[in-house]
Structures are given as structure tokens and as C-alpha cells.
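J.: Here you go, one structure.
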Amino acid sequence: MTTTPPAAAPVPAPIYVTQPFLPDLAEFQPYLEQIWSNKILTNGGPFHQQLEKALCEHLGVEHIALFTNGTLALVTALQALRITGEVITTPYSFVATAHSLLWNGIKPVFVDIDPQTLNLDPRRIEAAITPQTTAILPVHCYGHPCDVDAIQKMADNYNLKVIYDAAHAFGVQTTPGTSVLRFGDLSVLSFHATKVFNTFEGGAIVCPDAKTKQRIDHLKNFGFVDEVTVVAPGINGKMSELNASFGLLQLKHIDAAMARRATIAARYRAALAEVPGIRCVGDAGEAVANHSYFPILIEPDFPLSRDALYQRLREHNIFPRRYFYPLISDFPMYRGLPSAAPGNLPVASEIARKVLCLPIYPALSDADQDRVVAQIRACAGM
Ligand SMILES: Cc1ncc(COP(=O)(O)O)c(C=O)c1O
């Protein structure tokens, strides 16, 4: 007698923390045809110029300079304002924030974060200021705005520049009609594939005046002003026409993409509200949020540790990410700094141990989101 072996349970498709938004390929075709026909691939071509203009309008800012990526934009922003010495920044971010300082020979000084917003805590900035401090480099973490007024007050009192790492903050408004990118001296965006608005790779510096924009444009083009004049040891940070044209196409879809993210975030909040030991990180009072991430904190009353939950989800083909763990201040090139001592950063250290970012992206289906929630609830015995 032959017996048929039981069918193996189907392996559910993987759900990653994010998935880049890609319009139909056919929609991109006309842009490619245009590039092929005019044969301008980079160096501030027509799509580059159009995207700068379109982004200024969309974001409600005065000037924008497009870049190859957000990291080069950060490095260049510091150059543009001639920042030197020491810069106060957050340990709770992607490592590029602090790396941009090291690339400029600047010493990062880490200051702890606010336990609610998870952004640089303005109340702790003053104690970190020394005669060498020249600037503050805060991050609008997860797109949640920093306390921009308190930070500006501190900067004004001590004559410091403020450069916001706004890599996560595309489209965020502090009050209706006021972009978060309008605060500080400069703001830096990332258009990396994982971001709310992506150009595959890309980034930008937002600046308030034409003169600064011109300096940034020179710096991102090797320092060239014209064919024979080089005014600074600039870098090659130019965005290509391929990336810029894709950005123009993305802009057509961004409102729908942001709306879908808001729906997903609201569904998570409702579904996780009753789960003991799970705390959803709240917005920071923004009028328009972009829901670029969905961070939760795993508190001690949850039956599993953060890392055990992370592993359990992975076993079920769900891939959340521990953004931001480890802290930047724990990486080898930073941990010797006095400000990197965990005792100086108790809030950031605790949050880094508890945080887990759940999958959120426009194409995440309700069914897949329900799978994520069901696993978390199962771990809580619900
Ligand atoms: C906070 C933050 N800063 C800087 C960057 C660097 O941007 P990019 O990857 O475009 O170089 C990123 C993301 O990648 C980021 O999340």
C-alpha cells in the first residue's frame, strides 16, 4: 500500500521592512526615450533642472540642489557652511550622519535623545557645547520633526549653525503648509531606494538662499564655476538624468504612496493597541507625517525580548529591522569618544535595545500586514 506524504505547508512569501515604490515600467519608457534622444546623461541636464523646480514646488522650499545620494549631500552641506571643530549630533541614526562629520575631519559630540520623539534632546545640548563647537547636526528621526524652535534658540545663543539630516523627512510639515525642511541653515534629504520618495539612489540639500545654492552647486561639480575656474576642492555629487527623470515620475505618485502609508500606520496602531508590552512610537506633533517607518518598542512586559521577537518573525519569513541598533556611538570609529560612553546616552541606549521597525510600504497588502500583526500577537499569547 502506498501512502501519500502530507503536503508541506506552503512557505509564505517574505515580507521585508520596506519595498521600493516602482511605477509601471511603461510609464518610465518616455523618459528614457527623451534621454536617448537628447543624449544628455548628467551635468545638470533638463531632467535635473525640472526635478529641482518640481521638488521646490512640491515641498514648499526656496532652493534645492540634487545629489547622487544623501551621504554626499551631508558631506557637502558641512563643506558649504565651512563647519570645523566639533559638531553636536545624535547617536540614534543611520551611521552616515556621523560619518559625514569624520569625512570632514570634524569631531562628533554625541548628545542623548528625547524619550518621546527619539530625536536629539535640546535640553542636553548646552552642556555639550565647547569653544570648538561650530554646529548642531540633528536628525528628524523616522520623519518625526525635531524640536526645531528649541534647537534654533540654542544655536542662536551660541552662534552655531544647524544642519538637519532630514533623510527620513520627505514631505513632512510641522504646521499645515510649513515644510520641516525650512528650519535650520540647511536640510539634507536622501532619495535612497528605501525612502518614501526614491530616485534609486539620490539626495538633496535644501537651502534658503540663492548664494548658498550656488556654492553647493559648485561644490558638487568638483568646484567648477566655468570651464577654466575651480573655486573649491569640490566632489562629484551630481545626480544623473536617469535618476532625476525617475524622480519626476515618482512625484506623480507620491500623494497616493503617502496616503497608503498613513492607512497602514493607522491599521498597525489599532491592531497593536491592546498588545501588552508593545509601544508604538508616536508622531512628534507634525501636521503632515510621512510614515516612513513604523517603529515599535518592546517593553519588559512583552513575553519575548526584542531580539527573540525579531528572530521569531524572521522564522516566519517576516523581516523587520532594528533601526537604530547598534547606536552609531557603539561603532569602532566612534566608541573611544568621551561623548560615546553609554552612561552619557542612557535614553538612546535603552531605545536601541527595544526598537523594532515593522514592514511599511505602499504595496504592503492588508493580508500581509495582518500576518505581521498575527505573529506579534501570537508571541504575546493572544
Ligand atoms: C538618517 C540618515 N542619514 C543619512 C542617510 C544616507 O543617505 P543615502 O543612503 O542616500 O546616502 C540615511 C539613509 O540611507 C539615513 O537614514
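J.: For residue 250, indicate whether it is farther than 30 Å from residue 298 by Cβ and within 16 Å of the ligand (Cβ to nearest atom). Walk me through how you get there before you give the answer.
T.: Numbers: farther than 30 Å from residue 298 by Cβ: yes; within 16 Å of the ligand (Cβ to nearest atom): yes.
So residue 250 fits the description; yes.
J.: Only one residue in 254, 296 is among the β-branched types (Val, Ile, Thr) and in a helix (DSSP H, G or I), so which one is that?
T.: Values: 296 fails: in a helix (DSSP H, G or I).
Sole residue among the options that is among the β-branched types (Val, Ile, Thr) and in a helix (DSSP H, G or I): 254.
J.: Still on this structure, I have one more. Going by the conditions given, is residue 205 in contact with a helix residue (DSSP H, G or I) (Cβ under 6 Å, 6 or more places away or on another chain), more than 11 Å from the ligand (Cβ to nearest atom), in contact (Cβ under 8 Å) with a residue 40 or more places away in the chain and part of a helix (DSSP H, G or I)? Give the steps one after another, and end with the answer.
T.: On the way: in contact with a helix residue (DSSP H, G or I) (Cβ under 6 Å, 6 or more places away or on another chain): yes; more than 11 Å from the ligand (Cβ to nearest atom): yes; in contact (Cβ under 8 Å) with a residue 40 or more places away in the chain: yes; part of a helix (DSSP H, G or I): no.
Judged against the criteria, residue 205 is not a match.
Condition check ((1) at negative phi; (2) surrounded by 24 or more Cβ atoms within 10 Å (Cβ to Cβ); (3) not aliphatic (A, V, I, L, M)) across all residues:
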| site | (1), (2), (3) |
| --- | --- |
| 150 | yes, no, no |
| 157 | yes, no, yes |
| 167 | yes, yes, no |
| 172 | yes, yes, no |
| 183 | yes, no, yes |
| 187 | yes, yes, yes |
| 190 | yes, yes, yes |
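J.: With the requirement that a residue be in a loop (DSSP other than H, G, I, E, B) and either surrounded by 15 or more Cβ atoms within 10 Å (Cβ to Cβ) or among the β-branched types (Val, Ile, Thr) (or both), what does the range 1-16 give you?
T.: Step one: of the range 1-16, the residues in a loop (DSSP other than H, G, I, E, B) are 1-14.
Residues satisfying the conditions are 2, 3, 4, 11.
J.: Of the residues that sit in the range 208-231 and are of a type in the set (Asp, Glu) and open to solvent by less than 60 Å² (accessible area, probe 1.4 Å), which one is farthest from the ligand (Cβ to nearest atom)? Steps first, answer last, please.
T.: In the first step, residues of the range 208-231 are kept if they are of a type in the set (Asp, Glu); the result is 209, 217, 226-227.
From the residues that got through so far, the ones that are open to solvent by less than 60 Å² (accessible area, probe 1.4 Å) too are 209, 217.
Working: 209: 24, 217: 19 Å.
Here the residue is 209.
J.: If we keep just the residues of the range 86-110 that are within 13 Å of the ligand (Cβ to nearest atom) and touching a Pro at 6+ places or on another chain (Cβ under 8 Å), which is farthest from residue 123 (Cα to Cα)? Talk me through it step by step, then tell me what you get.
T.: Within the range 86-110, the first condition is being within 13 Å of the ligand (Cβ to nearest atom), and the residues that meet it are 89-101, 103.
Those still in the list that are touching a Pro at 6+ places or on another chain (Cβ under 8 Å) too: 89-90, 98, 101.
Values: 89: 13, 90: 13, 98: 21, 101: 22 Å.
Across the range 86-110, the extreme among qualifying residues is 101.
J.: Let me ask something additional. Cβ-Cβ below 9 Å, separation at least six or inter-chain, first residue in the range 364-380 and within 10 Å of residue 264 (Cβ to Cβ) and open to solvent by 50 Å² or more (accessible area, probe 1.4 Å), second in a helix (DSSP H, G or I) and not β-branched (Val, Ile, Thr): which pairs?
T.: Qualifying pairs under 9 Å: 366/267.
J.: OK, next. Look through the range 63-85, keep the residues that are away from the ligand (no atom under 13 Å from the Cβ) and open to solvent by 20 Å² or more (accessible area, probe 1.4 Å), and return whichever of them is farthest from residue 154 (Cα to Cα). Walk me through how you get there before you give the answer.
T.: Here is the first cut: in the range 63-85, the ones away from the ligand (no atom under 13 Å from the Cβ) are 63-65, 79-85.
So of that shortlist, the ones also open to solvent by 20 Å² or more (accessible area, probe 1.4 Å) come out as 63, 79, 81-82, 84-85.
Working: 63: 25, 79: 22, 81: 18, 82: 20, 84: 18, 85: 18 Å.
Only one residue tops the list, namely 63.
J.: Pairs under 8 Å by beta carbon, first residue modelled with pLDDT under 95 in the range 7-26, partner open to solvent by less than 90 Å² (accessible area, probe 1.4 Å) and among the small types (Gly, Ala, Ser), six or more apart or different chains?
T.: Final answer for the pair search is 21/257; 21/363.
J.: Inside the range 349-361, can you point out the residues that are surrounded by fewer than 19 Cβ atoms within 10 Å (Cβ to Cβ) and within 30 Å of residue 255 (Cα to Cα)?
T.: none
J.: Do we find a residue being part of a strand (DSSP E or B), open to solvent by 50 Å² or more (accessible area, probe 1.4 Å) and in contact (Cβ under 8 Å) with a residue 40 or more places away in the chain anywhere in the range 233-240? Let's see the steps before the verdict.
T.: Step one: of the range 233-240, the residues part of a strand (DSSP E or B) are 236.
In the following step, the residues that additionally are open to solvent by 50 Å² or more (accessible area, probe 1.4 Å) were identified as 236.
Narrowing the set further to residues that are in contact (Cβ under 8 Å) with a residue 40 or more places away in the chain leaves 236.
The answer is yes, given that some residue of the range 233-240 is part of a strand (DSSP E or B), open to solvent by 50 Å² or more (accessible area, probe 1.4 Å) and in contact (Cβ under 8 Å) with a residue 40 or more places away in the chain.
J.: I would also like to ask the following. So, residue 164, is that one within 13 Å of the ligand (Cβ to nearest atom), under 30 Å from residue 361 (Cα atoms) and without any contact (Cβ under 8 Å) to a residue 40 or more places away in the chain or not? Walk me through how you get there before you give the answer.
T.: Values: within 13 Å of the ligand (Cβ to nearest atom): yes; under 30 Å from residue 361 (Cα atoms): yes; without any contact (Cβ under 8 Å) to a residue 40 or more places away in the chain: yes.
Yes; evaluated as a whole, the condition is true for this residue.
The values are calculated or read from the model by the stated rules, or taken from the named source; none is laboratory data. Bear in mind that the values here come from a model prediction, so they are computed numbers and not experimental data. Every residue, glycine among them, receives a Cβ derived from its backbone with ideal geometry; neighbour counts consider all protein chains shown. Side chains included, ligands, DNA and RNA excluded: accessible areas come from the protein's heavy atoms. Shrake-Rupley method; radii C 1.70, N 1.55, O 1.52, S 1.80 Å.
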